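Each reported figure results from applying straightforward, stated rules to the coordinates on display, with no laboratory input. These numbers come from a predicted model, not from an experiment. All Cβ positions, even for glycine, are placed from backbone atoms using ideal geometry, and neighbour counts span all protein chains on display.
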Amino acid sequence: MSYKLSKKQQFLAFMQKIVFLHLVIFVLRNFYYLLEKLVRKDKRIALFFMTEKYYYDNSKYLFEYMRRKDDFKSVLFTANKVLYASLNEKFPGEVVYAWSVKGLFLFLRTRNVIISYGISAAPFFPYYLHEKCKHVIYLGHGIPMKRMGLQTSAWQKYGKRYQLQKYSFMAACSPVEQVIHGAGFNIDMNHVWVSGLPRNDYLQTAKKNEALLEKHPYLNQKVILYAPTWREETQSAEFFPFQDFDAEQLDAFLEKEQAYILLRGHKEDIKRDDALSHFDVSKMKRVLKADQNLFPDVYELLPYVDVLLTDYSSIWIDYLLLDRPIVFIPYDLEEYKMTKGLFLDFEKNTPGYKAANYKEFQSQLETYLNNPQEHANWRKYICDMYHSHQDGNSSQRICQLIKELNL
């Protein structure tokens, strides 16, 4: 016989987890503060703490820049055995397994820790990144137009703010992002570097990964990437959320245009195993999956993308650097404003068509595929607002700033 918890019991179980996590973080914070004071720090180590199961994003691109320099001994640090094995094969001697004695001693000796994922202190367990003992440098994983951290209701509930990882320094692409990070993470504005992000150096050169093309030959045709954001407090993003959606009509349209639509659900939605994040493509010839298992690093895919489809995901802000069209599908905009919240006016600051139904969607897509310069001036204006640096030298700037911290 199955036993289902009442709402009161579910709430009490949830609160027990919250209290337990608060207690663990409090103990770790004080334990590591005392322990780290006993160990002399090596300022020449740059420790890239990888909290995800894939090798990608800003940490990847900054590591690959810094490992070629003599300024630091750059080390990849991961608690994921599979990731450790693959990275150690690619970078022998430059990867350390976090759950090891060697890992513990390396962590304690390190002054400079660089991360891209880890808003909460929990992902670093059993370690704690104490901002009074280390330079905790957060590169981030998205240029936000939405509210972040302490500016959202999710981080205000149940004292969750005490789980927030404290950063010493953060990287940003513009004064706009500097303000958003400062407000969201309660960090001194002077400690938010307007440096640009390492992953965008890759986009600035607009290189295409030929190995990717060999593996996925459809990338040689017109490519449309559909990448919605994560809805933290509501259900997962819905693909093609139109009442008049017609899968056969879409397939016929894509066939005519010699194009493919690649669906990339947010990694957190996929973890949820929500039905909405598993759109059925089995009956469609030109709508394909493009999740993290197929394309771990979306930035290697973006140079192949002719049109981007999204809602409020920050991927479109990086994509502006390629000066290519974007169709926005903000089907739940009012609900999103209420739950997550936006810093800027959505209509004015999203340079592209907004699709309210399938008929509009297909027409807008057709316009962009055949006239990619449509809205180019608008895109340029917003790109300049979000990207102070468009020179491909963000990794160099961040490396120099880290060097200056250690003089």
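Please identify the DSSP H helices in the chain that span no less than 30 Å along the helix axis (Cα) and have a mean Kyte-Doolittle hydropathy of 0.5 or more.
Qualifying helices: 7-36.
Given a 10 angstrom Cα cut-off, can you work out which residue in HIS141, HIS375, HIS216 is the most mobile in a GNM of the chain?
Result: HIS216 has the largest fluctuation of those listed.
Measure up LYS73/LYS340; LYS69/LYS208; LYS157/LYS207 against 32 Å on the Cα-Cα distance and list the ones that go over.
Beyond 32 Å between Cα atoms: LYS73/LYS340; LYS157/LYS207.
What's the percent breakdown of Cα-Cα distances in the stretch 205-386 across 5 Å bins, shortest bin first?
P(r) over the stretch 205-386, rounded to whole percents: 1, 8, 17, 22, 22, 18, 10, 3, 0.
Treating the beta-carbon of each Lys and Arg as +1 and of each Asp and Glu as -1, no other charges, what is the dipole magnitude of the stretch 205-386 about its Cα centre, to the nearest 20 debye?
Here the stretch 205-386 has a charge dipole of around 460 debye.
If you restrict to DSSP beta bridges whose two residues both lie in the chain, what percentage is antiparallel, to the nearest 5?
Just about 5 percent of them are antiparallel.
Got a sec? Charge dipole of the stretch 205-386, +1 on Cβ for Lys and Arg, -1 for Asp and Glu; which of ALA211, LEU322, GLN249 is way out at the positive end?
ALA211
Which value, in debye to the nearest 20, gives the size of the charge dipole of the chain about its Cα centre, when Lys and Arg are +1 and Asp and Glu are -1 at the Cβ?
2160
What does the charge count near LYS283 come to, summing +1 for each Lys or Arg and -1 for each Asp or Glu among other residues with Cβ under 10 Å from its Cβ?
-2
When the chain is treated as a GNM, springs tying every alpha-carbon pair under 10 Å, which of PRO303, PRO123, PRO228 comes out with the largest mean-square fluctuation?
PRO123
Going by amide H atoms built from the backbone, whose H comes under 5 Å of the H on LEU262, apart from near neighbours?
Excluding prolines and chain starts, which carry no amide H, the hits are ILE224, LEU225, TYR226, LEU288.
Would you grab the residues whose amide H sits under 5 Å from the one on VAL95? Only those 5+ places off in sequence or on another chain, please, with H modelled 1.01 Å from N.
LEU76
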